[in-house]
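**Student:** I'd like to ask some things about the structure below.
The values are calculated or read from the model by the stated rules, or taken from the named source; none is laboratory data. Please read these numbers as outputs of a predicted model, since none were measured by experiment. Every residue, glycine among them, receives a Cβ derived from its backbone with ideal geometry; neighbour counts consider all protein chains shown.
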Amino acid sequence: MDSAEIVSWTRLMVLLLALGIAAWLDHKERRVPNEFWITWSKPAIFLWTLDLLLVEAEWYVFATAAGMVAYASIAVIGRPSLKDIKSGNPLDIAVSAWYIVGIAGVVQGLMMHTDESLLSVISGDASEAATLWWSTFAVFIPIFLVDMAWRMRLIHGGADCKGLMWVSILVPSWSSIPLIYPESMEAAAIAMPPAIALLVWGGLAFLILPIIMIIKNLKDGKTN
């Protein structure tokens, strides 16, 4: 087992463990505190960094990844204002610097790879460097969709929103974790980001749950 496989299996174990604990907290206390996501963001960021180190990514790829994490952090620690920065709050200053680094990475990536669009990455015609940067920048898509769904009250639970953003960072692409049927993924022209797939399957399970409960009640003789 090489280093990339170790990171992939570790990422999968972190995913199952963290979501399992979050589900238990939600069931027991009806809430998942922000401290939980802050704590579990550390292994997620560490594993993503290891991934990029293993492929010897350029600095702007790391900076772009930092920008994606900074965007997701808004759901947990909020967005610093000019007033907060002027007051000298260390956290707000650090987060603002984080944003600047992220923006610099995105701008540099666009300048380097505008001749190789996202479509060329999907079709497999792009260079390795372009594929790596676009796949890193593409993490913005599920985070943005989840953020918008939460603000429009399509997702009502704050913990659900933060959890899906956390998944976007931990599992930036399907290649980040071991797959049971890799042939099916290779045959697919395009695949939903892992976080969005999790949201879709979770919604489907939520729709099926009432049917299961009705069948169970009928089986137990509860018709009222």
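**Student:** Could you check how many residues of region 54-66 are assigned to a helix (DSSP H, G or I) and either touching an Asp or Glu at 6+ places or on another chain (Cβ under 6 Å) or touching a residue at least 40 places away in the same chain (Cβ under 8 Å) (or both)?
**Tutor:** So the count comes out to 8.
**Student:** Can you tell me which residues in region 125-182 are in a loop (DSSP other than H, G, I, E, B), aliphatic (A, V, I, L, M) and in contact with a Ser or Thr (Cβ under 7 Å, 6 or more places away or on another chain)?
**Tutor:** ALA126, VAL139, ILE177
Results for (1) surrounded by 15 or more Cβ atoms within 10 Å (Cβ to Cβ); (2) within 18 Å of the chain's Cα centre (by Cα), shown as yes or no for each residue.
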| site | (1), (2) |
| --- | --- |
| ASP2 | no, no |
| GLU5 | no, no |
| THR10 | yes, yes |
| ASP26 | yes, no |
| GLU29 | no, no |
| THR39 | no, yes |
| SER87 | no, no |
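**Student:** So, one more: Could you go through region 80-89 and let me know if any residue there is aliphatic (A, V, I, L, M), part of a helix (DSSP H, G or I), under 24 Å from TRP150 (Cβ atoms) and without any contact (Cβ under 8 Å) to a residue 60 or more places away in the chain.
**Tutor:** no
**Student:** Next question, about the same structure. When the residues of region 89-116 are filtered to those that are over 20 Å from THR136 (Cβ atoms) and of a type in the set (S, T, N, Q), which remaining residue is surrounded by the most Cβ atoms within 10 Å (Cβ to Cβ)?
**Tutor:** So, considering only residues that are over 20 Å from THR136 (Cβ atoms) and of a type in the set (S, T, N, Q), the one surrounded by the most Cβ atoms within 10 Å (Cβ to Cβ) is SER96.
**Student:** In addition: Just to verify a result, which residue in region 1-53, among those that are without any contact (Cβ under 8 Å) to a residue 12 or more places away in the chain and not in a helix (DSSP H, G or I), is farthest from SER135 (Cα to Cα)?
**Tutor:** Of everything passing the filter in region 1-53, ARG30 is farthest from SER135 (Cα to Cα).
**Student:** In this structure, does SER120 turn out to be among the hydroxyl-bearing types (Ser, Thr, Tyr), part of a helix (DSSP H, G or I) and either over 22 Å from the mean Cα position of the chain (by Cα) or modelled with pLDDT under 85 (or both)?
**Tutor:** It is true that SER120 is among the hydroxyl-bearing types (Ser, Thr, Tyr), part of a helix (DSSP H, G or I) and either over 22 Å from the mean Cα position of the chain (by Cα) or modelled with pLDDT under 85 (or both).
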